[in-house]
Amino acid sequence: MYKIIEKQKLSETITKLVIESPRVAKKRKAGNFVMIRVKEGGERIPITIADSDIEKGTVSIIVQAIGKTTKMLCSLKEGEYVLDFVGPLGEPTPIENFGRVVCIGGGVGTAEVYPIAKALRDAGNEVIGIIGARSKDLIILEKEMGEVCNKLYITTDDGSYQGKGFVSDQLQDLINSGMKIDGVYAIGPIPMMKVCANVTRPFGIKTYVSLNPIMVDGTGMCGGCRVTVGGKMKFACVDGPEFDAHEVDFDELIMRNRTYADLETISDKTYEEHVCKLEGVK
Amino acid sequence: MPNTLKPSERMKIPRQHSIEQPSTERTKNFNEVSFGLNEELALLEAKRCLDCKNPVCIDGCPVRIDIPGFIIKILEKDYAGAADKIREANYLPAICGRVCPQEDQCEIVCILGKKHEPVAIGKLERFVADYEMANNLFKSPVVNNHIDKKVAIVGSGPAGLTCAAELVKLGYKVTIFEALHATGGVLRYGIPEFRLPKEILDIEVNRVRELGAEILTNFVVGRTATLDELIDEMGYEAVFLGTGAGTPNFMEIPGEHLSGVLSANEFLTRVNFMKAYAFPEADTPIKIGKQIAVIGGGNTAMDAVRTAKRLGAEQAYLIYRRSRKEMPARVEEVMHAEEEGIEFMMLTNPLRIIGDEFNWVKAIECQKMELGEPDDSGRRKPIPIKGSEYIIEVQNVIEAIGQKPNPIIQATTPGLGISKRGTVVVDNKTMVTSRPNVFAGGDLIHGGATVILAMHDGKLAAASMHEYLQNVDKEEKVTK
Ligand SMILES: Cc1cc2nc3c(=O)[nH]c(=O)nc-3n(C[C@H](O)[C@H](O)[C@H](O)COP(=O)(O)OP(=O)(O)OC[C@H]3O[C@@H](n4cnc5c(N)ncnc54)[C@H](O)[C@@H]3O)c2cc1C
Ligand SMILES: Cc1cc2nc3c(=O)[nH]c(=O)nc-3n(C[C@H](O)[C@H](O)[C@H](O)COP(=O)(O)OP(=O)(O)OC[C@H]3O[C@@H](n4cnc5c(N)ncnc54)[C@H](O)[C@@H]3O)c2cc1C
Ligand code: SF4
Ligand code: FES
C-alpha cells in the first residue's frame, strides 16, 4: 500500500498526486515510469514520474483521467492508498549536453517532458520549451516549465491562451526562423509526436519521443507493449519508452492502441454508473 | 499397514487413474480438470510399488524425493508423514504433484514400467499433499538455528521459493524480491487455474513465508535497487537470481503487429494474473474470437489453447511444425487438450498473419511440413512442402514459441557472465555465477525448462551459498 501524501487538481481532468515510495523516489531518473494498480482487481497502468523528493521519500505523478483506472486514481483523496506502485521502470532518458534542445509537451505529455527538460538544463543545455493543449485550462506545469526553460512557448489549439495552433507549428516556426536546434524531445498524443517527427526529419535534427503502448506488466514479460522502431520489434517498457522519432512506426502504434477500445468503454461506463449511484446516495 | 502382497500380486493391480471433470463440462469453467486420486484409489495405487532395493525412481527425480519411502507411509495411512517425507526433498509437493512431467522423470524409469504401467508417482505425491491440506495436518518445521546473515533471493518462482526455503531452514535471514505484485512467477501468471489453482499455490507460498522468508513484492531488482545496491547498501551477503525466462519470442513473420496477435505470456497474464476472464468485474480486458490459433507445442501452448477454448473460442487450433511425438508438452496436458476438442494441426508452420480493415487479425496462412533428418536438438527437422500453403480464418493468433531471460538484471549488473542466448552462466555444480557471492538457477540459466529443474537449482544453490558464507567467515578470521 502506497500512501497519497498530497493531491492537487491541475485542470478539470488532470490531477497531480504525490505518493509515498522512498525507494522509487531515490532511484528514479528522467524518463522513468511506474506501474500502478489502484485496487484489487484493477488494471496495471503505466504513469511517468514527473518529479520526486528524496528527503520526503515521495514521487509525483500527473494523471489525466481518460478511462476507468485513471478516473479511480484521480478520485483518491489525500491519506488514501494505491495498492501497488512499482518502479522506476524503463530506460532513463539519455541526458547529454547537446547544446540547444527543444522540449515539447502536448497535453499531459508536459508532465513527462518536464523532468527531462529539468535534467537537460542541469546537464548544461540551453532548453527551449514548447507546451500546448486544446485550450487554456488544459495547460499544465506552465510555472515549472518556465523555471527550467531558457524560453517557453505556449500554444493552444483554440487560441484561448498565447499562440493559436499546435506545438508542432511552433517548432516549425523556430526552425524556419533559422534557430539552430541540436535535439528535440517531443512527448504527447501519438499524432502530435508523429507530426513533430515529420517537422524535424528534413533537417536531420535528432528527435526523441516517448511511446505509450498498452502495457500489462511493464517489466518485459508480456510483449504487449511491442512497437516497431527502425523496422525492428522493441518492447517499450524495457527498451524504451523513448525512441528515435524518425524510426518509429506511429501508425502501427495508433492502431494497436485501439485493440481494447470497445471493452475499455464498457469498463468506463460501468464505473461511471457506479459512481453516479454512490453520489446519488449522498 | 505394510504391503503384504507378493510382487506378482502387486503387478496385477492396474494403474489407477485420477477422477476428472468431464471434458464437456470443463471447457465451460476454469475449475481444476483433475481431482486426483481419492484415498481408496491412492491406497490401491501405492500397493503397486515394489519398494525396490535399488529404487531407480529416485534417480529419475531431479530433487531426489525418497519415493518408495513416502509411498510406504501412504500404505501406513500416515499421510502427514508421507508429506513430510516428500518435503525433505521438495517443499512444493502440491504444485509438483500437479505440474511435473513425471512421465519423463521418475515414472519413466520405474521398474514396474518395464512390463506394466509405472507407478503413478505424481498422482500419489499430489494425493498426499492435498490430503494434508484438506485435513489441516501441516506443521511448519521449527527453525532453531539462527545465522546472523542476510541473503537476497530475486524472483519468487519455484527456483527462488525453493532456494529461500532451504536457506531459512539453515538459519539465514532471507528476503525474496519480486517484481510483480504477487508471488509465484510462472506458477501464478502462466499456468492456469484449471491445472494449478491459485489457492493451492497460495498455501504453498505461504508455507515458505511461515517458515520465515520475507517476501517483498513490487520490487524490480535492477531498477528499484540494483543487485550491487542489495549487496553494498542493503547488506545482503549473497544473492540468488531466480528471475526466470520471462521475455517472449515472436516468430517475426508479417502481420504480428495486428490487434489480436498476442504472446502466450500476455494472453495468460491477462487471464490468470489479471483475471480478465472476470471482465468487467476485473478491469483488465481480453478479446477472444470464435476461431483462434495458438502456435507452439509446449506446455505454454497447451495452456494458451485450452484457456482460449474456455473463454469461448469455438474452434481452437494448435499449430505445431513438427509431429505430435515431438511436442514437448506434458502428455497429460496433450491428452486433456484433445479431449476438450482442441484441433491439432501438426507439421504445420505459419507464414503470415492477415488483417482486416480495422487492423484486426482475420486469417493466418500456413504451410505443411515434413520431417527430415535429426537436427542439433536430436529431433527431426521440419522441412516445408512447396505449394502446400493454405489459409485459415482466425481472429486471434497466440504465439507460444519459447522465451528468453528478462534482461533487466543482466543489463544493470556489471561483471555478470551472460551467454549469447542471454542466460546467466553458472558453474553447474555450485550454481555460482561469475561473481562469487551471486548464484543463479531456474529458467534464467536454462532459458525455459521445468518447475522441478528450477527447484533443483534452487536447492543446489542454497547449499553452495551456505558453504560460501561459512568460508567467508573463515577467511575473515584468518585475515583478522
Ligand atoms: C510509459 C507510459 C507513461 C505514461 N505516462 C502517463 C502520465 O504521466 N500521465 C497520464 O495521464 N498517462 C500516462 N500514460 C498513459 C496511461 O497509462 C493511460 O492513460 C492509462 O493506461 C489509461 O487507463 P484507463 O483505464 O484510465 O483508460 P482505458 O479505459 O484503459 O483507456 C482509455 C483510452 O486510452 C487509451 N489507452 C489505453 N491504455 C493506454 C496506455 N497504456 N497508454 C496510452 N493510452 C492508452 C486507449 O486508446 C483507450 O481507448 C502513460 C503511458 C505509458 C505507456
Ligand atoms: C504457461 C506455462 C506453462 C508451464 N507448464 C509447466 C508444467 O506443466 N510443468 C513444468 O514443470 N513446467 C512448466 N512450465 C515451465 C515452468 O513454469 C518454469 O520452468 C518455471 O516456472 C521456472 O521457474 P523460475 O523460478 O526459474 O522462474 P519463474 O517461474 O519465471 O519466476 C521468476 C520470477 O522472477 C520475477 N522477476 C523477474 N525479474 C525480476 C527482477 N528483476 N526483480 C525481481 N523479480 C524478478 C518474475 O516476476 C517471476 O515472478 C510452464 C511455463 C509456462 C510459461
Ligand atoms: S521404481 Fe517404481 S516400483 Fe520401484 S520403488 Fe520406485 S516407484 Fe516403486
Ligand atoms: S508491458 Fe509487458 S513487455 Fe512491456
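Things to note:
- Yes/no for A:MET193 being within 16 Å of ligand 1 (Cβ to nearest atom), open to solvent by less than 10 Å² (accessible area, probe 1.4 Å) and not in a strand (DSSP E or B): yes
- Considering residues of the stretch A:191-221 that are within 14 Å of another protein chain (Cβ to nearest Cβ) and in contact (Cβ under 8 Å) with a residue 40 or more places away in the chain only, the residue farthest from ligand 3 (Cβ to nearest atom): A:LEU211
Residue-by-condition table, conditions (1) more than 21 Å from A:ALA236 (Cα to Cα); (2) among the aromatic types (Phe, Trp, Tyr); (3) more than 14 Å from the chain's Cα centre (by Cα); (4) crowded, with 23+ Cβ neighbours inside 10 Å:
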{"position": "A:VAL59", "(1), (2), (3), (4)": "yes, no, yes, yes"}
{"position": "A:ALA65", "(1), (2), (3), (4)": "yes, no, no, no"}
{"position": "A:LEU89", "(1), (2), (3), (4)": "no, no, no, yes"}
{"position": "A:THR93", "(1), (2), (3), (4)": "no, no, no, no"}
{"position": "A:ASN97", "(1), (2), (3), (4)": "yes, no, yes, no"}
{"position": "A:GLY106", "(1), (2), (3), (4)": "no, no, no, yes"}
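- Listed here are the helices (runs of 4 or more DSSP H) enclosed by the stretch A:211-282 that have at least 3 residues being modelled with pLDDT under 95 and either near ligand 4 (Cβ under 10 Å from one of its atoms) or among the hydroxyl-bearing types (Ser, Thr, Tyr) (or both): A:261-281.
- Scope the stretch B:392-433; condition at pLDDT 95 or above, part of a strand (DSSP E or B) and within 27 Å of B:LEU318 (Cβ to Cβ); matching residues: B:ILE392, B:GLU393, B:ASN396, B:VAL397, B:ILE398, B:GLU399
- Some residue of the stretch B:63-82 being out of contact with any Ser or Thr (no Cβ under 7 Å at 6 or more places or on another chain), within 25 Å of B:GLY441 (Cα to Cα) and either of a type in the set (Ser, Thr, Tyr) or within 16 Å of ligand 2 (Cβ to nearest atom) (or both): yes
- Each residue in the stretch B:328-366 was checked for being in a loop (DSSP other than H, G, I, E, B) and more than 14 Å from chain A (Cβ to nearest Cβ), and 8 pass.
- Unmet criterion (only one of (1) within 19 Å of B:LEU201 (Cβ to Cβ); (2) buried (at least 23 other Cβ atoms within 10 Å of the Cβ)) for B:CYS61: (1)
- Residues of the stretch A:225-252 classified as surrounded by fewer than 22 Cβ atoms within 10 Å (Cβ to Cβ) and away from ligand 1 (no atom under 15 Å from the Cβ), total: 9
- Every listed requirement among (1) of a type in the set (Lys, Arg); (2) surrounded by fewer than 16 Cβ atoms within 10 Å (Cβ to Cβ); (3) part of a loop (DSSP other than H, G, I, E, B) is met by B:LYS381 save one, (3).
- Members of the stretch A:76-93 found to be under 29 Å from B:PRO407 (Cα atoms) and either of a type in the set (A, V, I, L, M, F, W, C) or within 14 Å of another protein chain (Cβ to nearest Cβ) (or both), listed by number: A:VAL82, A:LEU83, A:ASP84, A:PHE85, A:VAL86, A:GLY87, A:PRO88, A:LEU89, A:GLY90, A:GLU91, A:PRO92
- Any chance A:ALA133 is in contact with a helix residue (DSSP H, G or I) (Cβ under 7 Å, 6 or more places away or on another chain), open to solvent by less than 60 Å² (accessible area, probe 1.4 Å) and of a type in the set (A, V, I, L, M): no
The values are calculated or read from the model by the stated rules, or taken from the named source; none is laboratory data. Nothing here was measured: the structure is a model prediction, and the numbers come from that model. As a convention, Cβ positions derive from the backbone with ideal geometry for all residues, glycine included, and neighbour counts pool all protein chains shown. To get the accessible areas, we keep the full protein, side chains included, count just its heavy atoms, and leave off ligands, DNA and RNA. Shrake-Rupley method; radii C 1.70, N 1.55, O 1.52, S 1.80 Å.
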